[in-house]
Amino acid sequence: MRGLHILQILPMYHTDGEELLNDLAHVTKFNEFNEQEIIEFLKNNAVDGIILRAPAKITSAILDACQDSIVISGAGVGLDNIDVAYATKKGIRVLHAPKINSQATAEHAASLILATMKNIPMFHKETKQGNFGYRDGKYTRELYNKKMGLIGFGSIAQKVAKIMRYGFDMEVIVYVRNIYEERKKLADSIDVKLTTSMKEVFRESDVISLHIPLNDHTKELIDRTYFDVMKYSAVLINTARGGIINENDLVEALRNRKILRAGIDVFSNEPPPVGHPFFDLEEIILTPHIGGISLEAAKATSVTIVENLVKAINGEELETIVNGDQINAKEREERLNERRTQKGHSCF
């Protein structure tokens, strides 16, 4: 294999991946994300690939600085930190990680559900301060026989549905944009109900967990329109992407006691700025976007994305190349136009 030069932006989630990357390629590593420094580096150095993790970003300016057609890989399933549309326009293939961390994320969602319904952080805090009487007059909430609402029905949501349905005997209702036969069969097989009404899920559920991607259609989709119809005793969980929630509306809903609590693993901007309004609310349980970073998932994912990056650089077609079909179609059209031009010239 020819010598590869890879630009790595921020440490990977596990050292196993970094060790493999350094075995397979010459690596230039930026331990901090500085867009201008990365642009200057790319203007003066040719690389075969870029591997990064959030909060680092691949912007149009970074893509313009790339000297050759390269391959870019994110560290997770989400790609909201990479300008995929512009990369596609420039013929740059973009990979995401396979869904190795779906079990870890589902378990983290379940943990936040339990933490919010049982108010574990406050009981923990007061007990450690010697305030055993804090429990007097305060009650936890049971999950048994209550309704679980899921927004989205991908691999993570399906695992959450199974955990809550079979572990706590909850009724599960799932919002999807379309109900087709295969999806209906899957839902029936795990005993959950599908609906195309998001308001129905928010209105009826005792616990709501979000599992949709962040894109132009879902940005700040979850706002006061939905908070206003929730039960005052309901909790909201987000382990997907922070940007799908209107954070100010959520703060207002919690302050006005429209909903009970929220469990949040993701933020619109990461890391969240000092003084973020979530920090002042006891009704929000926060974790620093660690849902998918179990030890097992981090090791497996870091190695897999390195292997896939190298395969893609060497021309292999992979399911994890998110824009491969568009680039292949564009390249076929360019070759066809080139042949047409050559054929036209031969007539003179």
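The table below gives the values:
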{"read-out": "Computed [θ] at 222 nm, helices only, for the chain once each DSSP H run of length n ≥ 4 contributes -39500 (n - 2.57)", "value": "-12500 deg cm²/dmol"}
{"read-out": "Given charges at beta-carbon only (K, R positive; D, E negative), |dipole| of the chain in Debye", "value": "840"}
{"read-out": "Cα centroid separation - region 11-32 against region 116-172, whole Å", "value": "38"}
{"read-out": "Reach of Lys90 by Cα under 16 Å, taken over aspartates and glutamates that are not fewer than 8 positions away in the same chain", "value": "Asp48, Asp64, Asp68, Asp325, Glu331, Glu333, Glu334"}
{"read-out": "Residue among Asp188, Asp48, Asp228 with the largest mean-square fluctuation in a Gaussian network model of the chain, springs linking Cα atoms under 10 Å", "value": "Asp188"}
{"read-out": "Ranked order, Thr116, Thr59, Thr225, Thr196 - accessible area, probe 1.4 Å, largest first", "value": "Thr196, Thr225, Thr59, Thr116"}
{"read-out": "Potential extension, Ala46-Asp68 segment - 0.36 nm per residue separation minus Cα distance", "value": "7.2 nm"}
{"read-out": "Order by protection proxy (mean Cβ within 10 Å, highest first), peptides 71-80, 38-47, 247-256", "value": "71-80, 247-256, 38-47"}
{"read-out": "Long pairs among Lys162/Lys184; Lys99/Lys159; Lys231/Lys258; Lys162/Lys185; Lys147/Lys199; Lys162/Lys219, criterion Cα-Cα beyond 18 Å", "value": "Lys162/Lys219"}
{"read-out": "Size-normalised alpha-carbon gyration radius of the chain, reference 2.2 N^0.38 Å", "value": "1.15"}
{"read-out": "1.4 Å probe accessible area per residue over the chain, in Å²", "value": "51"}
{"read-out": "Carbon plus sulfur fraction of accessible area for region 85-197, probe 1.4 Å, in percent", "value": "49"}
{"read-out": "C-alpha center-to-center spacing [region 294-321, region 74-102] in angstrom", "value": "12"}
{"read-out": "Region 210-282 - percent relative contact order, Cα under 8 Å, separation 6 or more", "value": "35"}
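The values are calculated or read from the model by the stated rules, or taken from the named source; none is laboratory data. From a predicted model like this one, the values you see are computed outputs, not experimental measurements. Cβ atoms come from the backbone with ideal geometry, glycine included; neighbour counts cover every protein chain shown. Keep in mind that these areas ignore ligands, DNA and RNA; they rest on the heavy atoms of the full protein, side chains included. Shrake-Rupley method; radii C 1.70, N 1.55, O 1.52, S 1.80 Å.
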